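This report refers to the structure that appears directly beneath it.
The values are calculated or read from the model by the stated rules, or taken from the named source; none is laboratory data. Just so you know, these numbers come straight off a predicted model, no measurement behind them. Every residue, glycine as well, gets a Cβ built from its backbone with ideal geometry; the counts of neighbours run over all protein chains shown. Heads up: the accessible areas ignore ligands, DNA and RNA and are worked out on the full protein's heavy atoms, side chains in. Shrake-Rupley method; radii C 1.70, N 1.55, O 1.52, S 1.80 Å.
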Amino acid sequence: MKSIFTFTNYRLFLKDFYEWHKEYERGFSYREMARMVGFTSPNYLKLVIDGTRSLGRKSIKKVSDGLRLRKHESEYFSYLVFFAQAKNDIDRNYYLGLISSMRASTVETELKAEQFDYLSKWYIPVIRELLVG
């Protein structure tokens, strides 16, 4: 599953979470996802994903805990929700700034095979530095 930090829309993150689990876990459903999160309504998360319902502050915490998001992932998730539900441009820009700064600090870069080979042997960069320095 993709990292939460690749998302700028919390509904798309929830949809991707659901679809990934649906593909890899037999019997996974919106009912099961709602149970994981602690919602009594089996349809609530489906409505959130579809955009007809929104998450409140208590629900954000429930979803973060239920999906087992780490602390910084939970914080990022809450910023995504607050950004989507912002009532004015000032709030929207504020949360967009928080989202952007968190994304910038968690960017992962995929290494090419030759880069991986170079870095996987600790002594190669050391020898190179000794020769150059």
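Summary table
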quantity: Any chance Val81 is in a helix (DSSP H, G or I), at pLDDT 95 or above and within 22 Å of Lys22 (Cα to Cα); calculated: no
quantity: Some residue of segment 86-108 being β-branched (Val, Ile, Thr), open to solvent by less than 80 Å² (accessible area, probe 1.4 Å) and more than 22 Å from Leu14 (Cα to Cα); calculated: no
quantity: Scan of segment 61-72 for residues that are part of a helix (DSSP H, G or I) and surrounded by fewer than 18 Cβ atoms within 10 Å (Cβ to Cβ), ordered by number; calculated: Lys61, Lys62, Asp65, Gly66, Lys71, His72
quantity: Whichever residue in segment 2-28 is out of contact with any Phe, Trp or Tyr (no Cβ under 7 Å at 6 or more places or on another chain) and not in a helix (DSSP H, G or I) and, among such residues, is least open to solvent (accessible area, probe 1.4 Å); calculated: Phe28
quantity: Those residues of segment 29-52 which are surrounded by fewer than 13 Cβ atoms within 10 Å (Cβ to Cβ) and either in a helix (DSSP H, G or I) or of a type in the set (A, V, I, L, M) (or both), in sequence order; calculated: Asp50
quantity: Counted residues, segment 7-39 - those being touching a residue at least 60 places away in the same chain (Cβ under 8 Å) and either within 15 Å of Leu69 (Cα to Cα) or of a type in the set (Phe, Trp, Tyr) (or both); calculated: 3
quantity: Some residue of segment 4-17 being over 18 Å from the mean Cα position of the chain (by Cα) and not hydrophobic (A, V, I, L, M, F, W, C); calculated: no
